[in-house]
Every structure is written in C-alpha cells, then in structure tokens.
Amino acid sequence: MAAADREPHASAVRPRSYQDESYLHGFLGTVGDLQKAGVLQDVVLEVEGRRFPCHRLVLSAASPYFRAMFTSDMAESRQKTVVLQGLDAGNFGEILSYIYSGTLHVSLDKVQPLYQAADLLQLDYVRDTCSSYMAMNADRSTCVDLYKFADVFSVDSVLNRCLQWICRSFTEVASSEEFCSLSVNQLTEIISHDELDVKEETTVWEAVVRWVQHSREDRLHHLPSILPHIRFNLLTPHNMVAIIDHPLVREDPGRSVIRNVVKETSNLKKRSGMDTLEMALLFSITTKEIHYMNPRERKYITCSYDPKEHGSITAVTVTSDNNIYMLTSGLEESDQLSLLQYNHVWNVWENTGMSSVSKFLRRNSDTYEDHLRQVDKIFFYLNYEKGIASAFVRMRKYNRHSDQWQECAQLQIDGTSSYYCAKLSCRSQLYLLTSEEMHRYDPSQDRWCKRSPPRIIPEVGTAVAMRTEIFCTDMDFSQTMVYDTESDCWQKLQGCPPTPDITCVTDSCPSLFLLENQLHIVLSFADDMQKEEEDISHVYMYDRASNTWRDLKFTLPSKYYIAFGSHFLVARMHLQYLKGP
C-alpha cells in the first residue's frame, strides 16, 4: 500500500472543542424558569420582612458577596433563612431579577439605591451600568443630587460629569434648593473651580451667602474656610467693600481673616465665564463655517463645521441659560434627527443622550422648514410646510421623563399669504406670523389661538423677541413694526438705516438679532458694477430713544448666511476657545 493511501495515525488527528451557543443562551433562561416555578430553591433571603426564595448556587455564581457567604464557615452558610440588612426590598427584587435573567431595569428614581445594593453585593455589571446611567442623565436639574451621591460613593465618572454641569450652569444651580444641601467640603470643591460659568465673582459670593443663610447657626463657623475660595482679586473696589461690610463677614470669625484672604487670592485666574462675549451666530452655506460676530466689540471669529462628523444641521436654538442645541440628520435616507449640545468650556459638540425625533413626512408642498425652540425648558420641534392653498405647522415636544417626543396641536393657515413667515418664542409661548395672520401657541394648554397680524408689512422677512415685544420687518426693510404681546397691538417704527453708496440691495433676506439687549440688523448689499463675490453685509443698531438706525461700520463678507429661524441666534461665547479667521 502506498504511503499516501495509508490512514492517518490517530495521534495526528487534532482534538477540537465545540461550544453549544443555544445551551449558553438557554441556560440562564432555564434558571429563570426554575425561579419562577419555585423549584429546587434551597435558601430564603429576607429583606425588610419580605421573603425571596432562591438558589444558593445561582446566587454564588452571580455575586462574590453570596459566594463568600455560602461557601465559608459563616453561620449563613447553614441557615435556611438569611436576613439581609441595609437593603431596600423593592430594589433587591430588581437585583434578583437581573441575577436570574441578565436584564437590568434602571430609572432615575431607582438608580442610586440600585447602585448601593450592587456595591454591597459586589455586582460589577450593575454598579457600572448604574454609573453610566447617572452620568448620562446628569443635567441642570439632577447634577447636584447626583454629585452628592457620587461624592459619597467615590464614583469618579459621575462626579466629573456633574461638576461639568454645575460649573456651566452655576448661576441657575446656585439658586436651587438642592445647592443649599451641599456639605461645606462639596461647596468649596465647586467654588474653587476655574470653569465656573459666571460673569462676575459676586455671583460666587452670593451663592456662598445663600448657602450659609440656609442654616446660619450651623454654618457660620465654616466661613473662614470658605472665604479663601472667593477670588477677591476679581472684584471691583465697590464690591469688595460691600462684602467686607456684609453682616456675615462682620461677625467673628469671618472679619478676622478677611484681610489675609484678600492677599492670598491676589493672583487667582479668571473664571471661565468671565472671558465670554455675546455674539451672533451666523451659519454659512457656502463654506460650512460658523461665524461669531460682535460688531460693537469689533469681534469676528470663524470656526469650521464638519457635516461628516455630526451630520447636516437641520435646526438650531439658543436657550435662556445660554446653551446651544442643534438638530442634525445623519444619512440622507435616515428619517431620524439627533439633538446635539455645544459644550462651551471644551468647545465641542456632544450628544445629549436624548432619543432621536423622526422627521415629519412631507406632503405636496412648495417649501418646508424645520425649527427647534425651547419654552420653559421644554424642547419643541416644529415643521412649517407651505402648500399651494394652505400651510401647516406640525410640532412635537420632548418629554424628558419618558425620553419620548410627543405630538402637539397642529395649525393650518391660509397659503396665499404665508410664503414668508416668522416663527419665534416670546416669554412662555410660541408665535407664528405672516403679513395677514398671527397665531400664538400656549404650551400649558396645547392650543393655538389667533392674534392681531401686522398687515401693513407685505412679506414678513425677519422677527425677534425682546422681553414682552416682538420686532419684525419686511423682505426689503421698508417697514419695521413692534408688537406688544400683552396688549395685542402693533406700532410702526419710523427709523430706517441710510442706504450705502451702492446701487442695489441683494436678494438676501435681512436678519434681526438682539445683542446686549439692543436691536440689530444685518443687511447685504451689492454694487451693480461689482462681482457677486464682492457683496458685503452691513450691521446696524437701533436707537429707540431717537428712533434711528446707526451704522456700526462693521462689515462681513456676504456668504449667504443661514439664521436657522426668523433671526440670528445670540449666545455668550468663550473667546479663548474660538479660532480666528
């Protein structure tokens, strides 16, 4: 027989291992079925008087805590019933559900006690999942409570995330009841940060005063240890005198250390928020750039924006607490929009962790626009769609408790006068206006109602709200009017900016914006003799006392800016993080 025809020796056949995937996945299901059926259970765990029949083997496999309990010489290893202390019965039921199913249900009201139980029972997956959940759900309303919890249990990922939120929203956070519940060490840790987003150091001092006054007798003696974290070198002489003369400082032991503290803080750096400047946000279509502009301070900064990284911008808004959000769409075929937030301190866009919202299906329409607004801390996603005979406003609002977008009342208006339309928020309501119609949406009632329209404006080009008033002008800037939301009355403004020494105005729509509580407008002009690329934009400021517009002598290259709404958005920007042109 030829060597090639011989059978291979048995030793030459390599052994193999086979893994039954269905068995691996089905084993835990079988164990769960045994638990539900109450079969083969050999121990009862008692928590707050509630009894949980279980299997020692399963508990020992899942938790080092139970493994040590049942495999050692501890008394519990021989007992039929084991009483567990320091646990909540309801949360322990969730823990058992995870042990027997591998599925963990987490909610904001349960995450802290679940973490505590997992920490005691040494369930790393549950503990890590709870940590991630807390970090993901940290925001202005939860950051102080989660910060205190993370500080006690040394959960660094949650602690750092909450500190970011507290720093960037310090003014709002410091006025909350939760802020007054901080310990003195937690308070000093927070106010010692450079990243506090405050315009003036007096904001930090006022927060300290509020914290001390909350429990004056118990906290007054902490003032000497708190004062070194106030940056007295950043105060004006007037504010310095006011603090020294404050009743809290006049009482011992505060006054005895105040002079030394002033000397010790003489070289401390500015807070993050002190290097901010109000700037209008202009989005360029042609260059994929975001332009930040403050004409009065002669500031103009350009930053690039990469749609490949974050998706195409659909809508943008700036909230009352200076947060910038934008809706973005990823792949063109996707019908989902994601909500991103701009991190001022780190100069990056971050995912908010909120569920995406699906785009509205388009009907037969000539044009449509998407808008994002926030009213009383609730986000509204609006879609304005104009057909031949009518226009529709469809809207959803975000429910943070359910992490879902909910349908709101729709609005239908006459299409013959609605091609040019402004959508904006004023105080706690939303407004939609055309030349012939005006409607107001009340979020508390989920209802639209009619208001008085401007009428004499042929085509509403731009509109912006300031306190209780709405200012608007037409496409050609020939008529400017102001609407009083309380009296439902319109008034015509007489002032009009002088025309530059050029022959025509481009077809670019004028855009109003509010900067430092004063009305501004951007107008784009072109010389008939010049090329389109040499178009320029002029910025004007309205002086209400003289009813005139003043040219700020500040020009921008006209690059077809998008306002993402009825006006240019304005936010306080951290200048040290922005790149120049």
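Numbers below:
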| item | result |
| --- | --- |
| Asp474 long-range amide H proximity, modeled H, under 5 Å | Gly461, Gln479 |
| Coarse-grained scattering of segment 340-467 at q = 0.10, 0.21 Å⁻¹, given as base-10 log I(q)/I(0) from a Debye sum over alpha-carbon atoms | -0.35, -1.29 |
| Residues listed by number, segment 165-190, amide nitrogen under 20 Å from Asp218 label point at 7 Å toward C-beta | 174-190 |
| Greater than 22 Å apart at Cα, pairs in Lys359/Lys450; Lys110/Lys377; Lys377/Lys492; Lys308/Lys377; Lys423/Lys450; Lys377/Lys423 | Lys359/Lys450; Lys110/Lys377; Lys377/Lys492; Lys308/Lys377 |
| Label point distance in nm, Tyr305-Met136, each placed 7 Å from Cα along Cα→Cβ | 2.7 nm |
| Estimated distance in nm for a label pair at Ser60 and Lys492, the labels positioned 7 Å out from Cα along Cα-to-Cβ | 9.2 nm |
| Additional length obtainable on full extension of the chain from Glu369 to Glu297, 0.36 nm per residue less Cα span | 22.6 nm |
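No value in this document is a laboratory result; all are computed from the given coordinates. From a predicted model like this one, the values you see are computed outputs, not experimental measurements. Counting neighbours? That spans all protein chains shown, and the Cβs are built from the backbone with ideal geometry, glycine included.
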